[in-house]
1. Tally up the residues in the range 56-70 that are buried (at least 21 other Cβ atoms within 10 Å of the Cβ) and modelled with pLDDT of 65 or more, please.
2. Answer yes or no as to whether residue 230 is part of a helix (DSSP H, G or I), within 29 Å of the chain's Cα centre (by Cα) and modelled with pLDDT of 85 or more.
3. Restricting to helices (runs of 4 or more DSSP H) lying wholly in the range 411-497: which have 2 or more residues that are modelled with pLDDT of 70 or more and over 28 Å from residue 212 (Cβ atoms)?
4. Would you check which residues across the range 570-585 are at pLDDT below 85 and assigned to a helix (DSSP H, G or I) and list them?
5. Kindly establish whether residue 89 is closer than 17 Å to residue 237 by Cβ, part of a helix (DSSP H, G or I) and modelled with pLDDT of 70 or more.
6. Being surrounded by fewer than 24 Cβ atoms within 10 Å (Cβ to Cβ) and free of Cβ contacts under 8 Å to residues at least 24 places away in the same chain, is that true of even one residue in the range 700-721?
7. Here is a list: 785, 795, 769. Which entry is over 25 Å from the mean Cα position of the chain (by Cα) and either on the phi < 0 side of the Ramachandran plot or in contact (Cβ under 8 Å) with a residue 12 or more places away in the chain (or both)?
8. Any idea which of (1) within 34 Å of the chain's Cα centre (by Cα); (2) farther than 21 Å from residue 276 by Cβ is the one residue 736 doesn't satisfy?
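The values are calculated or read from the model by the stated rules, or taken from the named source; none is laboratory data. Computed from a predicted structure; not experimentally measured. Methodologically, a virtual Cβ is constructed for each residue, glycine included, from the backbone with ideal geometry; neighbour enumeration extends over all protein chains shown.
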């Protein structure tokens, strides 16, 4: 804070507090627009193979589906009939006055487009040119050219319309009495490449002992209360099968259960850390009033950060929201350093105004530099390809800057205002043992340095054991009921051997050309028995609509007339016939705009990317080793195409953490060194300030290796926190040593505040170590290890080095 700004606050502290009150009101209003995301997909990169997996899951309804698992080894034949009873009960369920599910089925064909069949059929009948290929045109021509075939299909549809209890079939027959959808159903069966684990028409295991029911809920999992109620109703409906009902899984169930766990963990950790930090502050300073006014600026700073994030992004992931504890933990560190310096100056007999000025103008700069170095360490996360890391960077950087500004603005004004009101400052609990530690380090610096070397040596072997988490299942808690059901499905149906083939082109002609080449490769591999099946956009349409003679429509209308119907009785059938009879001499390729008019299940086979339109083929391999054959064949015939399976994609993503850590550390180091040079202006203090953070980083990595904690997508975000805290502690020790000129005095004053800030950070973000979610728990454990290591090297190693440098300087000067 500039001296002139401080003098303005000092002259009119009441006005400064009034302005701060307005900021409090604005911070409350600013958070009203923020929405919280809980979907793990939102935390993953938007490009690369993992983005293809996310796109496929979302467009095929994965995040919005439920799967009920039934298993009966004693009576597998009767399992289907009993499961159909469950299907009927589920279809009859209602929630909020409407059907609870859009679709409930045992059938593979329906599951491939579950909940979308009516929309698919209507789109097909209104715009058949989007679907039909040259081969389809020949089959359709044969169907429309035969009056006998048309009459048979019409009579079958009339029978469905007249049959009782056949509502779903009757609704389809009313739209398409001539069964023009037959070609469409062939394409839907082609979409079942992802269901090849279940042979036959049902979602049933090879040994027929396990059966799945696929459901599409009518509400979104974001509606937490209704979604939980739906899950309870579903379990009740299936519980009649007794032990044969094994449980519920699917994206919907996982999302609801995991979001509930995350919310519980975050609320519990925030509440626990808030209580712990408050008790620590009360024990240290014995003033509820001070605690209240210290926490208020922190809350304001955090709310302003969330409000700014709402304006920038509109939403924040719950995984990023966990770093609110970082803002609180670091923000109260700012307050501790400023208020502790104020108390020290008051105990030395200085007046209130002089004590506040010393706290702000002498301790304020290192506090600001410490905050900026931590913000710089987190800012490097903007360079990551993982969206949730960008949110973490926004939240922590904005939160730290707002908290820093609030503390250096509101706390001095409040202290001055209290003094003018006649109140005396509260005391504190002495030195918390830091005076004794200071004397010990000052008297025996070599022993302190040797102890530091031993700690470092003990941790170094762990450096060679630090690994990267490659198991995708580590992203979810293993003890969630829905995750346990997934494992049982893998055991009953097999893990499967699915793969994806992707290619990208900027123009439609090239897109369809590569797609047809990929289809040719897959056709050959299927003929050779190397793959089971595949689904791709070019199996749905070849990109050019067919031409059909307009006279064929007359045969269809004549069949309807023979049954006593008029063309207007079946408007969708009439739309189909008119669309195919309409002359089309342009024969244009289907572009992205046309493709996006296809129904949702077909969107799984293409997506827009910065590089153009990306095609996606889904392949059912016979064995996992078939991926290598597929990749080699594509390299020879379709060089622009790439093949990968889900495990390969996720392992690649998790493996990229190593590069993310390296790049983050290097970039953060460069930014931090620049800030340190700007603050100290000499290389010597910069090097000394870097000692604690460097050694703490080595020890943290070593402890992770020794404890068997691998890096994953999320716990490496703790690296910037360790860098920021380690530098913050070192800066304060060096700055106070420059004032005191004595190691013991430095630790007796600033050492106490460094210890308190260490404990508050451990209570803040380290409280996540008690979370149930493994990702949060891992971040908490790594944080505690890193923060304690940073304190040890700042409070023991750095003072020992300063004392040894003192002694060396004294020996160099010699006796006068």
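1. 7
2. The answer is yes for residue 230.
3. Details: elements: 434-443, 445-463, 481-493.
Those helices (runs of 4 or more DSSP H) span 434-443, 445-463.
4. Once the filter is applied, which keeps residues that are at pLDDT below 85 and assigned to a helix (DSSP H, G or I), the range 570-585 yields 577, 578, 579, 580, 581.
5. On the way: closer than 17 Å to residue 237 by Cβ: yes; part of a helix (DSSP H, G or I): yes; modelled with pLDDT of 70 or more: yes.
Here the answer is yes, as residue 89 does meet what is asked.
6. No, because not a single residue in the range 700-721 is surrounded by fewer than 24 Cβ atoms within 10 Å (Cβ to Cβ) and free of Cβ contacts under 8 Å to residues at least 24 places away in the same chain.
7. Just one listed residue meets the conditions, 795.
8. In the conditions (1) within 34 Å of the chain's Cα centre (by Cα); (2) farther than 21 Å from residue 276 by Cβ, residue 736 misses (1) alone.
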